[in-house]
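Visitor: Just passing along the structure, written as structure tokens.
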Amino acid sequence: MKKSVSVVLVMLILAVCLFGCGIGTDISTESDSRSADQADSSIPKKERDDIEKAEEVKTAENDKKADGAILADDSDIEVKANEILAKMTMEEKLAQMIIVALRSDPQNTYLTTEITPVYSEFLSKYGFGGVILYAKNLVDARQTRTMINDIQIAALEAKNNIPMFVCVDQEGGMVNRISFGSVTSGSMALSATGDLSNTEKSADIIGRELSALGFNVDFAPDCDINSNPSNPIIGVRSFSDDPSIVAEHTKAFIKGITKNKVVTSLKHFPGHGDVDVDSHLGLPKSDITLEELRERELIPFKAGIELGTDMIMTAHIQYPNIEKETYYSENDEEDIFLPATLSHKILTDLLRDELGYEGVVITDAIEMGALTDHFDRQDAAIMAINAGADILLCALDLNDSEEVNTFPKEEDFFKGLVDSANQGKIDEDRINESVLRILKLKLKRGIMETDLLENDEDMEGILAEVGSKDNREVQWNITKGAITLLKNDGLLPFDGNNGSKVLVLYPSERRKNTFEYSIERLKKEGLIKKDTISLLCYDGISTDNEALIKEITDTDKVIIMNNSTEYMGEVTKFIDIAHKNDKKVLLLSCSVPYDSAYYNEADAILCAYQYTGDAYDTEGEGPFNLNLAVAFCMAFGESVPEGTLPVNVPQYILDKGGEGDFSDEMLYERGFGLFNWGEK
């Protein structure tokens, strides 16, 4: 203490002397530096070093706070978390390790949109760790904020008085649960802009709107590498097929989200990009080796770990070259390899020990087909925890409606899990490790001090933030930089005022509203005349349909939207019909851009990287397909293309029987894109 006082006195005396000697505000930088050196020299070196070290620590912590990465002193968090843990029963501990869904089944058959007394009583009775909400749980901003408020009230009425994780999958793009919020372009589109600041800005908007609504966990970003063109579930959810690009955008996304005190969760460890089965429907298998994982899939996860991601979500994928332990599947009547979610070798040996990850590990939903088709639910839960998982996602699925009541069944499951732990089937030390991590995260992110709604003024602020005009405009401008022009044989941009007729062919009626919105927007901007564009859904229409052929024949130009990741002969025939009638074709590629290889005969190709969402009205409200609208408006000259490919697009070769596959030859290389309608 005496040393600290003496240092302060020396500093004060020096300051007075300097001021008294007439050294004022016009002193040169050189004199400032010299005076500082003189002041430092009067302090013992050890004390100077201590002061500098303290300042460095303070600066580092302030930087972390600015990013929402630290909300309290780590040592205080550790002490507080251990104090809470020491008072918890086995039932309370396991409850913290469960994220509850409020629906009846994975297909979202019946979902709740309010926390009735039945739900509140059950949540309060056990004090679960959190709740996940899906799009159909969420009607609008007011209902969502009210529902989340009621969830937290129920949590605070539990014996342990611990607020819940309120979770959502809000990656942006095609994984967009907040339909009334600001629609974003999605991961691959953000990468196509070539600007990390766009990813951070987009994630910041997501984080702000989630935080306003009361969400405190976002199961994002998806840092899988889309290395397989035939991947049916990742696709445009991935930033790229290049590990370094995915890693950099993963970090940018984390920074944007955590500015808003929202928890991030990287997914799907150790990598979901190199499979050809959707794990919602079946159990994928990857023959990748551990060394190949290290060289590719693990790179984005390592980057996220270094930056301090809060959670990592597991993948329901078999890796037989890494995890050789098996489980007998009664469904297949054969042994299957343990998927990563249930693998100690992957979750503990690899993720914890090798990569040094100390945060929370959460499973992907345990009611997905990849697990339920092969594993007893109780077995899967026990195996996941023993493997190293801290939280079981969708371990309970609660619904109380006229159609179905899942409460008795789900309560039996939870009690069975508690009995299993009490019988030693799950080591208590393993449970304590998990619960301690959960508590520390809730303390770190300020979840323990969750704010509840107090008045209508609170609600009005929320309504003003979510889906605001400013947020939507930022997202529109970001998306303009993503749209990628791969080919243009003099077709683009269209002149919408020269009287030419344009026929738009699209694959689903759900896309119609987005086109109608775009047309109205272009009319307001004076870029097209009325009644020069016609819309036709080609779903279920034969390519030899006379009415369809007449529509193509009677138009001047054709726009074909494609949203498939697989070759579709119909689109090829549409292009052929147009060309036989001397009509040029623009292909709007709205999925991963590999389809540009299928339909390279088109005269122009614009990649939009998004195929879901439709607008409720002509103002673009609703689950809006932002990318499609921006690309369509761009085709008529509202803006110019600036995006570049985030993935390599290989040649696609058809055999004589009409079957095809990708070759080793590249059609368009990563980074390719035509600017200003043709200039590279």
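Visitor: Could you check segment 487-525 and list, in sequence order, the residues that are more than 30 Å from Glu669 (Cβ to Cβ), of a type in the set (Lys, Arg) and either in a strand (DSSP E or B) or over 35 Å from the mean Cα position of the chain (by Cα) (or both)?
Guide: The answer is Lys501, and nothing else.
Visitor: On to the next question. Filtering segment 526-563 down to residues that are in a loop (DSSP other than H, G, I, E, B) and among the hydrophobic types (A, V, I, L, M, F, W, C), which residue is nearest to Ala608 (Cα to Cα)?
Guide: Among them, the one singled out is Leu527.
Visitor: For Ile245, which of the numbered conditions (1) of a type outside the set (S, T, N, Q); (2) more than 28 Å from Val139 (Cα to Cα); (3) surrounded by 24 or more Cβ atoms within 10 Å (Cβ to Cβ); (4) in contact (Cβ under 8 Å) with a residue 60 or more places away in the chain fails to hold?
Guide: For Ile245, the exception is condition (3).
Visitor: Right, something else. Return a yes/no flag: does segment 92-103 have any residue that is modelled with pLDDT of 85 or more and more than 22 Å from Asn161 (Cα to Cα).
Guide: Yes, segment 92-103 has at least one match.
Visitor: Additional query: Can you name the condition, by its number, that Lys415 falls short on among (1) in contact (Cβ under 8 Å) with a residue 24 or more places away in the chain; (2) in contact with a helix residue (DSSP H, G or I) (Cβ under 9 Å, 6 or more places away or on another chain)?
Guide: (1)
Visitor: While we're looking at this one, here's another question. In the set Ala389, Ala421, which member is buried (at least 18 other Cβ atoms within 10 Å of the Cβ), part of a helix (DSSP H, G or I) and either at pLDDT 95 or above or among the acidic types (Asp, Glu) (or both)? Step through it out loud before you land on a result.
Guide: On the way: Ala389 fails: part of a helix (DSSP H, G or I).
Answer to the check: Ala421.
Visitor: Would you mind finding the one in Lys573, Lys583 that is farther than 17 Å from Val647 by Cβ and either in contact (Cβ under 8 Å) with a residue 60 or more places away in the chain or in contact with a Ser or Thr (Cβ under 6 Å, 6 or more places away or on another chain) (or both)? Write out each step before concluding.
Guide: Details: Lys583 fails: either in contact (Cβ under 8 Å) with a residue 60 or more places away in the chain or in contact with a Ser or Thr (Cβ under 6 Å, 6 or more places away or on another chain) (or both).
Selected residue: Lys573, the only one of Lys573, Lys583 that is farther than 17 Å from Val647 by Cβ and either in contact (Cβ under 8 Å) with a residue 60 or more places away in the chain or in contact with a Ser or Thr (Cβ under 6 Å, 6 or more places away or on another chain) (or both).
Visitor: I would also like to ask the following. Just to verify a result, which residue in segment 348-360, among those that are in contact (Cβ under 8 Å) with a residue 60 or more places away in the chain and out of contact with any Lys or Arg (no Cβ under 6 Å at 6 or more places or on another chain), is surrounded by the fewest Cβ atoms within 10 Å (Cβ to Cβ)?
Guide: Looking at the filtered set, the residue picked out is Glu358.
Visitor: Write out, first by first residue and then by second, each pair whose Cβ atoms fall under 6 Å of each other, whose residues are 6+ apart or on separate chains, and whose first residue, in segment 311-325, is assigned by TED's automatic domain parsing to the domain that holds Thr264 and closer than 16 Å to Arg352 by Cα while the second is of a type in the set (Val, Ile, Thr) and assigned to a loop (DSSP other than H, G, I, E, B).
Guide: Filtered contacts from segment 311-325: Thr314/Thr363.
Visitor: Is there any pair with a first residue in segment 249-274 that is in the same structural domain as Thr450 (by TED's automatic domain parsing) and a second that is part of a strand (DSSP E or B) and of a type in the set (Phe, Trp, Tyr) whose Cβ atoms are under 9 Å apart and which are 6 or more apart or on different chains, and what are they?
Guide: Sorted first by the residue in segment 249-274, then by its partner, the pairs are Val263/Phe165.
Listed here are the residues, each with its yes/no results for (1) touching a residue at least 24 places away in the same chain (Cβ under 8 Å); (2) in contact with a strand residue (DSSP E or B) (Cβ under 8 Å, 6 or more places away or on another chain); (3) buried (at least 24 other Cβ atoms within 10 Å of the Cβ); (4) in a loop (DSSP other than H, G, I, E, B).
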site: Thr184; (1), (2), (3), (4): yes, yes, yes, yes
site: Ala189; (1), (2), (3), (4): yes, no, yes, no
site: Ser197; (1), (2), (3), (4): yes, no, no, no
site: Arg208; (1), (2), (3), (4): yes, no, no, no
site: Ala212; (1), (2), (3), (4): yes, no, no, no
site: Phe215; (1), (2), (3), (4): yes, yes, yes, yes
site: Asn226; (1), (2), (3), (4): yes, no, yes, yes
site: Ser240; (1), (2), (3), (4): yes, no, yes, yes
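Visitor: With the condition being over 21 Å from the mean Cα position of the chain (by Cα), I'd like the strands (runs of 3 or more DSSP E) fully within segment 280-362 carrying at least 3 qualifying residues.
Guide: Output list reads 326-329, 334-337.
Visitor: Do any residues in segment 292-306 that are under 14 Å from Gly356 (Cα atoms) and touching a residue at least 40 places away in the same chain (Cβ under 8 Å) have Cβ atoms under 7 Å from those of residues that are buried (at least 21 other Cβ atoms within 10 Å of the Cβ) and small (Gly, Ala, Ser), where the two are at least six apart or on different chains, and which pairs are they?
Guide: Filtered contacts from segment 292-306: Ile299/Ala247; Ala303/Ala247.
Visitor: Looking at segment 363-381 only, could you name the residues that are crowded, with 19+ Cβ neighbours inside 10 Å and part of a helix (DSSP H, G or I)?
Guide: Matches in segment 363-381: Ala370, Leu371, Ala380, Ala381.
Visitor: Of Lys469, Lys501, which residue is over 16 Å from Val183 (Cα atoms) and surrounded by fewer than 18 Cβ atoms within 10 Å (Cβ to Cβ)?
Guide: The unique qualifying residue is Lys501.
Visitor: Now, a different point. Confirm whether Glu457 is surrounded by fewer than 16 Cβ atoms within 10 Å (Cβ to Cβ), assigned by TED's automatic domain parsing to the domain that holds Met311 and in a helix (DSSP H, G or I).
Guide: The answer is yes for Glu457.
Visitor: How do the pairs read when you match residues in segment 157-169 that are surrounded by fewer than 24 Cβ atoms within 10 Å (Cβ to Cβ) with residues anywhere that are part of a strand (DSSP E or B) and at pLDDT below 95, using Cβ under 7 Å and keeping only pairs 6 or more apart or on different chains?
Guide: From segment 157-169, the pairs are Asp169/Val175.
Visitor: Using beta carbons and a limit of 8 Å, which pairs, at least six apart or on different chains, have the first residue in segment 449-461 and within 20 Å of Val166 (Cα to Cα) and the second one among the basic types (Lys, Arg)?
Guide: So the pair list comes out as Leu453/Arg145; Met459/Arg142; Met459/Arg145.
Visitor: Does segment 256-272 contain any residue that is at pLDDT below 90 and either surrounded by fewer than 24 Cβ atoms within 10 Å (Cβ to Cβ) or part of a loop (DSSP other than H, G, I, E, B) (or both)?
Guide: Yes: segment 256-272 contains one or more residues that are at pLDDT below 90 and either surrounded by fewer than 24 Cβ atoms within 10 Å (Cβ to Cβ) or part of a loop (DSSP other than H, G, I, E, B) (or both).
Yes/no per residue for (1) among the basic types (Lys, Arg); (2) within 16 Å of Ile84 (Cβ to Cβ):
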| residue | (1), (2) |
| --- | --- |
| Phe407 | no, no |
| Glu410 | no, no |
| Gly416 | no, no |
| Ala421 | no, no |
| Leu436 | no, yes |
| Lys440 | yes, yes |
| Leu443 | no, yes |
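Visitor: Moving to a separate point now. For the list (1) surrounded by 24 or more Cβ atoms within 10 Å (Cβ to Cβ); (2) farther than 29 Å from Pro646 by Cα; (3) of a type in the set (A, V, I, L, M, F, W, C), I need the number of the one condition that Val139 fails.
Guide: Of everything listed in (1) surrounded by 24 or more Cβ atoms within 10 Å (Cβ to Cβ); (2) farther than 29 Å from Pro646 by Cα; (3) of a type in the set (A, V, I, L, M, F, W, C), Val139 misses just condition (1).
Visitor: Please enumerate the residues belonging to segment 421-480 that are over 28 Å from the mean Cα position of the chain (by Cα) and among the acidic types (Asp, Glu).
Guide: Listed by number, the residues that qualify are Asp427, Glu428, Asp429, Glu454, Asp456, Glu457.
Visitor: Select, from Leu535, Leu492, Leu486, the only residue that is of a type outside the set (Ser, Thr, Tyr), in contact with a Cys (Cβ under 8 Å, 6 or more places away or on another chain) and not assigned by TED's automatic domain parsing to the domain that holds Arg208.
Guide: Leu486
The values are calculated or read from the model by the stated rules, or taken from the named source; none is laboratory data. Remember, predicted model here, so these are calculated numbers, not experimental data. Here the Cβ is made from the backbone with ideal geometry for all residues, glycine too, and neighbour counts use every protein chain on show.
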